[in-house]
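Enquirer: This structure is in structure tokens; I'll ask about it shortly.
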Amino acid sequence: MDRVIAVEEHIATEAFLRTAHRLEVVPGDRAEIDLMRTVEGSDPLRAQLLDLDARIGVMDAIGQDLAVLSLNPPGVQPYPPEDAVPLAREFNDVLAGIVRRHPGRFAGLGTLAPQDPAAAAEEIRRVMGPLGLNGVMINSHTGGRYLDEPKFAPILEAAEDNGAPIYLHPRIPAMRGGYLDYGLSGAIWGYQAEAGLHAMRLVLGGTLDRYPRLTVVLGHLGEGIPFWLRRIDNRHAFARQVAGAATPMPKLELAPSEYFRRNFVLTTSGIDDPDVLGLALRAVGEDNIMFAIDTPYEDPAAAAAFLREAPLTEKQRAAIAHRTAERVFALR
Ligand code: MN
């Protein structure tokens, strides 16, 4: 492999943690934030989020050239807009500085406060313009609301107009009912259920007919959707034929799987499984798959070994290792 780029690599800054950990949290997000404040407050994860020299040491050790950095989830989304908007701006300024000081090693995805859609749209223009970053990350729902809802239109418009890919990162589900027990709400199940639901809302709600040039990045090799894709097309066609269906589906220009191929790019974060990679390859092809580690939550050496050893052609491996990311995030 002549270049390795990993695209879901989380960081934090001392200043961000100091401010964010003192803020009031919106109703419904308390349990998630208590957990994330514990994660961000204790080593080794705290040190791994903050220490970028150590990060470069790990990258060198595993043969990784570049990391596309993003703020640790769920970012600024659990905070009231008057706190979240300036906090996102400050973090993005710092992130742009980090990227400028480490050419060739770091790129970055800006963080957004979707709770103020106009400010978030303005921040997309700043992230893609003067800050010179490579896209944005949105941590699924904001206060239980999803990007297909009309109030978020300014964000999707700005993302499309400014060529900003949206990395739709998971968080604990908004509707917590059955997720509350046995730790199900976290990364073991709730994360992928939540992000998969969000992606399916964008598809079935007709959002991608309104924003056909939008690029949505999904981690975990597509948050389960490649597994269900044939059934999704089949049941969508079936439901469209049934008059007066209980939950009517909007008429779409394309089949669901066609949006999945056109508008979505998947990353390998947290899934070192050749069978799932095979499913993802059949669903979207190697030109829509990127390597990701999910630092600091996964083992970088294991992820790099999977990329090296997975049953791929060299063309597929090069696409997943760097070519797709170079195209999607406009990396040089
Ligand atoms: Mn992650």
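The values are calculated or read from the model by the stated rules, or taken from the named source; none is laboratory data. Remember, it's a predicted structure, so these values are computed and weren't measured experimentally. FYI the Cβ positions are ideal-geometry reconstructions off the backbone, even for glycines, and counts take in every protein chain you see. With ligands, DNA and RNA removed, areas are computed over all heavy atoms of the protein, side chains included. Shrake-Rupley method; radii C 1.70, N 1.55, O 1.52, S 1.80 Å.
Enquirer: Whenever you get a sec, compute what percent of the accessible area on the chain sits on carbon and sulfur atoms (1.4 Å probe).
Expert: Of all accessible area on the chain, carbon and sulfur atoms account for 55 percent.
Enquirer: Sticking to Cα atoms, compute the Rg of segment 1-121 to one decimal and its Dmax as the biggest Cα-Cα distance, whole number, in Å.
Expert: 15.0, 48
Enquirer: Going by Cα centres, segment 216-265 and segment 137-182 are how many Å apart?
Expert: 18 Å
Enquirer: FRET efficiency for R145 and R262, Cβ-Cβ distance as r, R0 = 41 Å, nearest 0.05?
Expert: FRET efficiency, R145 to R262: 0.95.
Enquirer: Suppose only helical runs count, i.e. DSSP H with n ≥ 4. What mean residue ellipticity at 222 nm does that imply for the chain under -39500 (n - 2.57) per run, divided by all residues and rounded to the nearest 500 deg cm²/dmol?
Expert: -14000 deg cm²/dmol
Enquirer: Another question, if that's okay. So which trypsin sites (Lys or Arg not before Pro) in segment 190-257 pass both tests, a DSSP loop state and at most 10 other Cβ atoms within 10 Å of the Cβ?
Expert: Here the sparse-neighbourhood loop sites are K251.
Enquirer: Still on this structure, I have one more. What is the sum of charges, Lys and Arg at +1 and Asp and Glu at -1, for the other residues whose Cβ falls under 12 Å from the Cβ of Q192?
Expert: Result for the neighbourhood of Q192: -1.
Enquirer: I would also like to ask the following. For segment 184-212 and segment 1-42, what is the separation of their C-alpha centers, rounded to whole Å?
Expert: 21 Å
Enquirer: Net charge around E24, counting only other residues with Cβ within less than 12 Å of its Cβ (Lys, Arg = +1; Asp, Glu = -1)?
Expert: It works out to a net charge of -1.
Enquirer: With a Förster radius of 41 Å, plug the Cβ-Cβ distance of R30 and A318 into 1/(1 + (r/R0)^6) and report the FRET value to the nearest 0.05.
Expert: 0.35
Enquirer: Any chance you could get the radius of gyration and Dmax over the Cα atoms of segment 56-149, in Å?
Expert: When restricted to the Cα atoms of segment 56-149, Rg and Dmax are 14.1, 44 Å.
Enquirer: Something else now. How far is it, in nm, from the label point at R282 to the one at R327 when both lie 7 Å from their Cα along the line to the Cβ?
Expert: In this crude spin-label approximation the distance works out to 2.2 nm.
Enquirer: Okay, next question. Working from the alpha-carbon coordinates of the chain, get Rg over Rh, Rh being the Kirkwood radius.
Expert: Rg/Rh: 0.94.
Enquirer: From the convex hull of the Cα coordinates of segment 217-332, what is the mean projected area in square nanometres?
Expert: With the hull built on Cα positions only, its mean projection is 8.6 nm².
Enquirer: Given a 10 angstrom Cα cut-off, can you work out which residue in G285, G97, G163 is the most mobile in a GNM of the chain?
Expert: G97
Enquirer: Follow-up question, since we're still on this one. How much net charge surrounds A319 when only the other residues with a Cβ under 14 Å from the Cβ of A319 are counted, with Lys and Arg +1 and Asp and Glu -1?
Expert: 0
Enquirer: Pick from N234, N92, N72: which residue has the top mean-square fluctuation in a GNM of the chain where Cα pairs under 10 Å get a spring?
Expert: N234
Enquirer: Here is a follow-up. Run through the DSSP bridge list for segment 5-328 and note the antiparallel percent, rounded to the nearest 5.
Expert: Antiparallel bridges: around 5 percent, rounded to the nearest 5.
Enquirer: Choose one answer from F227, F291, F260: the residue with the largest mean-square fluctuation in a GNM of the chain with alpha-carbon springs under 10 Å.
Expert: Taking springs between Cα atoms under 10 Å, the residue moving most is F227.
Enquirer: Next question. If you average 1/r over every pair of different alpha-carbon atoms in segment 99-184 and take one over that average, what Kirkwood value in Å do you get?
Expert: Computed over Cα pairs of segment 99-184, the Kirkwood hydrodynamic radius comes out at 14.1 Å.
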